[in-house]
Amino acid sequence: MTSDPTPADNLRRVLAGVRALLLDMDGVVVLRGALIPGAAESLVSLEARGMPYAIGTNTSIYSRATLSREMHRAGLSVGPDRIVSAASAAAGYCRRHFAGQPLYVLGSPDGLVEFEGLRLLSHEEAAEPHARVAAVVIGDAADEFTPAHIQSSFRLLRGGARFVAMHKNRWWLTPGGTMLDAGAYVVGLEYATQRRALVTGKPSRAFFAEALRMLGDVPAASPDPRPPLLAGEVAMVGDDLWNDIRGAQRGGLRGVFVLSGKHGPAELARAAAERPAWAPDAVAPSLAEVVAALD
């Protein structure tokens, strides 16, 4: 008589053939600014085995350089080139589709670092009656969300600009308390213009496509040429059942849910009851167990 497969057996089965990992940042490698036990050792193990990995986050108020410095302070050696964010995904999309064309981007000063080299209109230029841009891009703009800037965005969108949103987050926690996030402004502009924004952050396909492009560019430890990286050969490790896991699965990646972050067994049971098809491909206690189960 054979025994039923254990969760560790299922994890190894799901990860068979995986050639790269996409890791959510908060809840997988850090939690509230502190390292999650085993995360640093897991990244060292991935480096040693030559397994490409990237850190994915919906943050758009900070540049990848700033996020890298924050992770260094927490004890993780992760360079900016290993991070894909909602802001960097939006900037990458704009570089591919609107190179050399004017853009109006509502974002934080640090987040706008991702758009260096692109032609961005100032708020004063965007307010000119005859201003035109290829796209309006909305991100975490905090105090930049003024009535005047929203009006400029509305008028430019009405003038034919494409509509790009870094994400549709409803609110976020700041040192000063809960703050309304970019999603409210994005949805308001969608309502006013009767147009849907292209979202570049999780759970959009655009985010995971950008992550795949990044992972495909990560040099392998072996000098042997590698075949192109396919979406099905990448596992997303996340603590958010909807933005991380379901978003990854819709993009063709495998979704591995870890219990080290914001969603736990209660959310897992609720998601299974509401949408059985949305179940993660595998569940693990933390990143350490995921890395240990790799081929």
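Of the solvent-accessible surface of region 90-148, computed with a 1.4 Å probe and all protein chains present, 54% belongs to carbon and sulfur. If you sort 72, 149 by accessible surface, 1.4 Å probe, largest first, the order is 72, 149. So what's the net charge close to residue 140: Lys and Arg +1, Asp and Glu -1, counting the other residues with Cβ under 13 Å from its Cβ? Residues near residue 140 contribute -3 overall.
Among beta bridges from DSSP that stay inside the chain, the antiparallel ones total about 15%. Solvent-accessible area assigned to carbon and sulfur over region 167-295 amounts to 58 percent, based on a 1.4 Å probe.
Is it possible to state the helix-based mean residue ellipticity at 222 nm for the chain, with each DSSP H run of 4+ residues giving -39500 (n - 2.57), the sum divided by total residues, to the nearest 500 deg cm²/dmol? What is it?
On the way: 11 runs with 104 residues, N = 295.
Helix-only estimate at 222 nm: -10000 deg cm²/dmol.
The residues of the chain expose on average 48 square angstrom of accessible surface per residue, using a 1.4 Å probe on protein heavy atoms.
With +1 on the Cβ of every Lys and Arg and -1 on the Cβ of every Asp and Glu, and nothing else charged, how large is the dipole of the chain about its Cα centre, in debye rounded to the nearest 20? Roughly 800 debye, rounded to the nearest 20. Region 158-206 gives an Rg/Rh value of 1.04, both radii derived from C-alpha positions and Rh following Kirkwood.
Could you order 26, 240, 217 so the one with the most accessible surface comes first? Probe is 1.4 Å.
From most accessible down to least: 217, 26, 240.
For the chain, the average shadow cast by the Cα convex hull is 17.5 nm², which is a quarter of the hull's surface. Comparing mean-square fluctuations of 201, 216, 100 from a GNM of the chain with C-alpha springs under 10 Å, the top value falls on 100.
Taking the centroid of alpha carbons for each part, region 52-84 and region 100-124 are 21 Å apart.
Once the C-beta distance of residue 8 and residue 171 is scaled by a Förster radius of 41 Å, the resulting FRET efficiency is 0.65 to the nearest 0.05. Using a Gaussian network model of the chain in which every pair of alpha carbons under 10 angstrom is joined by a spring, one finds that among 249, 101, 194 the greatest mean-square fluctuation is at 194. Comparing region 1-138 with the 2.2 N^0.38 Å rule of thumb, its C-alpha radius of gyration ratio is 1.39 (two decimals). Residues in region 185-220, backbone N under 16 Å from the label point at residue 70 (7 Å along the Cα-to-beta-carbon vector): list them, ranges by number please. The answer is 202. Every pair of different Cα atoms in region 1-80 enters the Kirkwood calculation, which places the hydrodynamic radius at 14.3 Å.
The values are calculated or read from the model by the stated rules, or taken from the named source; none is laboratory data. Quick caveat, the model's predicted, so the values are computed rather than measured. Positions of Cβ are backbone-derived with ideal geometry, glycine not excepted, and every protein chain shown enters the neighbour counts. Accessible surface is based on the protein model in full, side chains and every heavy atom, while ligands, DNA and RNA are left aside. Shrake-Rupley method; radii C 1.70, N 1.55, O 1.52, S 1.80 Å.
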